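Trainee: Let me give you the structure first, and then I'll get to my questions.
The values are calculated or read from the model by the stated rules, or taken from the named source; none is laboratory data. Values in this document were obtained by computation on a predicted structure and should not be read as measured data. Methodologically, a virtual Cβ is constructed for each residue, glycine included, from the backbone with ideal geometry; neighbour enumeration extends over all protein chains shown.
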Amino acid sequence: MMSKLNSVLELDRWIQEDSGKKGSGNKTVLYVSAGTCGQARGSLEVIDAIEKEIKEKGLEKTALIKVTGCHGFCEAEPNIIIQPQNLFYQHVQPEDAKEIITETVLNNKVIQRLLYAEPDSGEKRESEGDISFYKKQKRIILGDNTLLDPTEIGDYTAVKGFSALAKVLNEMSPEKVIAEVRGSGLRGRGGAGFSTGTKWGFCRNAKNNTKYIICNADEGDPGAYMDRSLMEGNPFRVLEGMMIGAYAIGAENGYIYIRDEYPLALRNVKGAINQMEKAGLLGDNILGTGFNFKIHISKGAGAFVCGEETALITSIEGNVGVPRQRPPFPAVKGLWNKPTNINNVETWGNIPIIINKGAEWFAGIGTESSKGTKIFSLVGKINNTGLVEVPMGITLREVIFDIGGGIPGGKKFKAVQTGGPSGGCLPEKMLDLPIDYQSLIEAGSIMGSGGMIVMDENTCMVDVAKYFLNFLRDESCGKCISCREGTQRMWEIVSNICDGKGKTQDLDLLEELAETVRDASMCGLGQTAANPVLSTLRYFLDEYKSHIEDKKCPAGVCKELIAYIVIEENCTGCLACKKVCPSDAIDGELKEVHFIHTDKCIKCGACIEACNFDAIKIE
């Protein structure tokens, strides 16, 4: 670690020296993805095995392993990028280490079985840039994650990290910084989509000498992990963005509100803060400029409602995280009643890029009203799960089919839900919808923080609404009756429909109740809690009617409305289904047609999984 920096000139010199040697000379470098998803699939064991092979073969001077954060392609974990060969190996196991070192590192040979194969054509791809998952992405925030060790500040300066901070402290007034951010068109990536530069301006102009900034890293959406991966893979970029924001707004203290369930992100952020303090980039009189700024970490217990900024503020103050009535807004009266600016992780991560490349460059990406890129966690019934960073305005079809590789198993696409539990479900006819703030709202959904859940033909949309309502009723803080009681009543109605107890008049009641919850709730949780209901009623009304009028679940999901039936002409009497049935609901002797007793059947699906002859169906 270098000594403490005392001036912007010294920081500039450090950046120039490190960026000039960011290559690894003649060494072969193996960049191993080791974020949370990679570690869950065994990347740490892969790293140990490769390190052992390098040592045993005496290659310490010619081969280097670089432990990085998430590369984004979660479906391919654990994955390795090998340079200078520019190879992308997927699903690497510890037992592959010897072959990788012997064949690729020593003999420059490609291991075909470790290459990614496209799901539609089966064609093998050697490099990251040739894989369809990456081709339509524009990875301006996530791109460096594949190159740097998130625990080493020198790796960040090697990709010209902190050059935006140096530019701001050396050349720009706070007002000029705010004008640059406003001119970029950047909108908050946490869900509301408010103009970031305008928000900063409100806080700077607030009449108080003490101000705070906050990084919202609560990220409570099911299936969403964009912020977690950015903090795990490149915490220095987020911290640099916060420093620039603090300088512009006039804050001397900042807080990162992060859920305790993110241990790797917490560890990497803490380590980054510690290194920045030692380098003189955080603390008092930073780089001799008179700028004082410290960053503190506040751990959350995982309450979804604490993603709402006033509830988050209340939690940092040590109280139960419940929202406050607005106005006054946090920019006027926030943390400890002082002017406070809150942005989420992805928003802060954009700031150094905007300062370095300019507002005009950033505004040239995206659409008229939605600028830049957006990170989505692409999950569900999709071939290529992972984090995707795409320009605003790309269509849902491009993300799901061109990047995501379509639906696995030859199934048909049914819906995609954007915006987390408070988002909406959009049908196949909306696939060509451009992804921007206004288009999604008009379609009955929201951008949210970036969750994107894909569903296939076997998904029951009534059950989906029930799932998200169950989540929202549990996560409601209960402060306002419209949300507390409304989400509960909506869940009860939808549950009854799933159980075959629904009535036709329930549909009108459900829609009226959803609109009331939306219009009368105090915070964003309640105001958007109706989206799963209203969007499924809007696009999948026939499914609701089938549940109510025909007492049938077309997708075969709702247990009270389905029955498992043996197809006699297909049954060979192999006993496979009978052996796995946990409730002894199947009768039949060897080589005889079997029979399922519906009164005993618990509808677990074990029989269908065990049958090799497609002899059991759901009715």
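Trainee: Going by the conditions given, is I400 crowded, with 20+ Cβ neighbours inside 10 Å and outside any helix (DSSP H, G or I)?
Mentor: no
Trainee: Another one. Here is a list: I446, I382. Which entry is outside the structural domain of I178 (by TED's automatic domain parsing), assigned to a loop (DSSP other than H, G, I, E, B) and modelled with pLDDT of 95 or more?
Mentor: None of the other options fit; the residue is I382.
Residue-wise test of (1) under 30 Å from the mean Cα position of the chain (by Cα); (2) farther than 23 Å from G406 by Cα; (3) not aliphatic (A, V, I, L, M).
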| position | (1), (2), (3) |
| --- | --- |
| E51 | no, yes, yes |
| I54 | no, yes, no |
| V67 | yes, yes, no |
| F133 | yes, no, yes |
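Trainee: List the number of the failed condition for W491; all other conditions in (1) in contact with a strand residue (DSSP E or B) (Cβ under 8 Å, 6 or more places away or on another chain); (2) modelled with pLDDT of 95 or more; (3) crowded, with 21+ Cβ neighbours inside 10 Å hold.
Mentor: Failing condition for W491: (1).
Trainee: Sticking with this one: Out of the residues in region 580-597 meeting the condition of being out of contact with any helix residue (DSSP H, G or I) (no Cβ under 7 Å at 6 or more places or on another chain) and not aliphatic (A, V, I, L, M), tell me which one is farthest from G500 (Cα to Cα).
Mentor: Out of the qualifying residues, it is K591.
Trainee: Within region 458-546, which helices (runs of 4 or more DSSP H) (wholly inside it) include 3 or more residues that are within 28 Å of N319 (Cβ to Cβ)?
Mentor: Filter on region 458-546 gives 461-475, 481-498, 505-520, 524-528.
Trainee: Applying the selection to region 92-110, what residues are outside any helix (DSSP H, G or I) and crowded, with 16+ Cβ neighbours inside 10 Å?
Mentor: Passing the criteria: only V92.
Trainee: Could you say whether any residue in region 127-150 is among the β-branched types (V, I, T), surrounded by fewer than 17 Cβ atoms within 10 Å (Cβ to Cβ), in contact (Cβ under 8 Å) with a residue 12 or more places away in the chain and touching a Gly at 6+ places or on another chain (Cβ under 6 Å)?
Mentor: No, region 127-150 contains no residue that is among the β-branched types (V, I, T), surrounded by fewer than 17 Cβ atoms within 10 Å (Cβ to Cβ), in contact (Cβ under 8 Å) with a residue 12 or more places away in the chain and touching a Gly at 6+ places or on another chain (Cβ under 6 Å).
Trainee: Which one of these is at pLDDT 95 or above, within 24 Å of S173 (Cα to Cα) and either outside the structural domain of N205 (by TED's automatic domain parsing) or surrounded by fewer than 18 Cβ atoms within 10 Å (Cβ to Cβ) (or both): G358, G349?
Mentor: G358
Trainee: Also: Is there a residue being assigned to a helix (DSSP H, G or I) and under 33 Å from the mean Cα position of the chain (by Cα) anywhere in region 560-573?
Mentor: no
So that you can scan it fast, the table gives a plain yes or no per residue for (1) under 15 Å from the mean Cα position of the chain (by Cα); (2) touching a residue at least 24 places away in the same chain (Cβ under 8 Å); (3) within 20 Å of N145 (Cβ to Cβ):
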| residue | (1), (2), (3) |
| --- | --- |
| T198 | no, no, no |
| F202 | no, yes, no |
| N205 | no, no, no |
| G220 | yes, yes, no |
| G241 | no, yes, yes |
| Y247 | no, yes, no |
| N253 | no, yes, no |
| V269 | no, yes, yes |
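Trainee: If you don't mind, there's one more thing I want to ask. Would you please list the contacts, defined by Cβ atoms under 6 Å and residues six or more apart or on different chains, that run from a residue in region 177-188 that is assigned by TED's automatic domain parsing to the domain that holds G201 to a residue that is surrounded by fewer than 23 Cβ atoms within 10 Å (Cβ to Cβ) and at pLDDT below 95?
Mentor: What qualifies is R187/G193; G188/F194.
Trainee: Further question: Among the numbered criteria (1) farther than 30 Å from T373 by Cβ; (2) crowded, with 17+ Cβ neighbours inside 10 Å; (3) not basic (K, R), which one does A520 miss?
Mentor: (2)
Trainee: Here is a follow-up. Which condition number does C577 fail, the rest of (1) in a loop (DSSP other than H, G, I, E, B); (2) touching a residue at least 24 places away in the same chain (Cβ under 8 Å); (3) farther than 29 Å from Y467 by Cα being met?
Mentor: C577 satisfies every listed condition except (1).
Trainee: Specify the residue that is nearest to K294 (Cα to Cα); the eligible residues are those in region 187-211 that are surrounded by fewer than 18 Cβ atoms within 10 Å (Cβ to Cβ) and among the hydroxyl-bearing types (S, T, Y).
Mentor: Checking each candidate, the answer is T210.
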